[in-house]
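Accompanying notes for the structure given below.
What follows draws every value from the coordinates through simple rules; no lab data is involved. Note that the coordinates shown come from a computational prediction; the quantities given were computed from them, not determined experimentally. Cβ sites come from the backbone with ideal geometry, for glycine too, and all protein chains shown count toward neighbours.
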Amino acid sequence: MQSMNISLPEPLKQFVDGQIAQGRYSSVSEYVRELIRADEKRKAEEQLETLLLEGLQGEEAAFTCADWQAIRQEALTQVKKARKSRTRWGTFIDAPLPAVT
């Protein structure tokens with residue numbers, strides 16, 4: 001794992017130290033990693049919203065049964081990835097996925 005040094009003004013350092021003192025995080029590194037993950041998630045959600053809006057403004061197209069199956073399979077793949085990631089950090093209880101028909 002790579003390390004990174006950052007400089008913070010005293011009020012921000014006190015805030016981070018307070019988050020750790022409250023037991024919300026075990027270290028400054030954990031707190032910063034969580035902030036970065038949240039920012040990554042926010043950016044991905046913004047990109048999805050942009051794509052959805054573009055799709056709503058585009059031409060209408062008929063979806064076939066194969067199109068819906070492909071969409072469902074991709075969604076299930078993404079859920080499985082998210083479960084693996086969350087399970088690794090111990091924040092998600094894994095449950096079986098429904099079968100793809």
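When averaged across all projection directions, what area in nm² does the alpha-carbon convex hull of the range 7-60 cover? Let's see the in-between values first.
Values: hull surface 21.2 nm².
Average of the hull's projected areas for the range 7-60 equals 5.3 nm².
Could you check the spin-label model distance between Leu52 and Val16? Points 7 Å from the Cα along Cα→Cβ, value in nm.
Distance between label points: 3.4 nm.
How much length, in nm to one decimal, is gained on full extension between Glu59 and Arg83, taken as 0.36 nm per residue of separation minus their Cα-Cα distance? Write down the numbers at each step before the final one.
Values: separation 24, 0.36 × 24 = 8.64 nm, distance 3.46 nm.
Length gained, Glu59 through Arg83: 5.2 nm.
Using alpha carbons only, how many angstrom separate the centre of the range 26-47 from the centre of the range 1-19?
So the separation of the two Cα centres works out to 15 Å.
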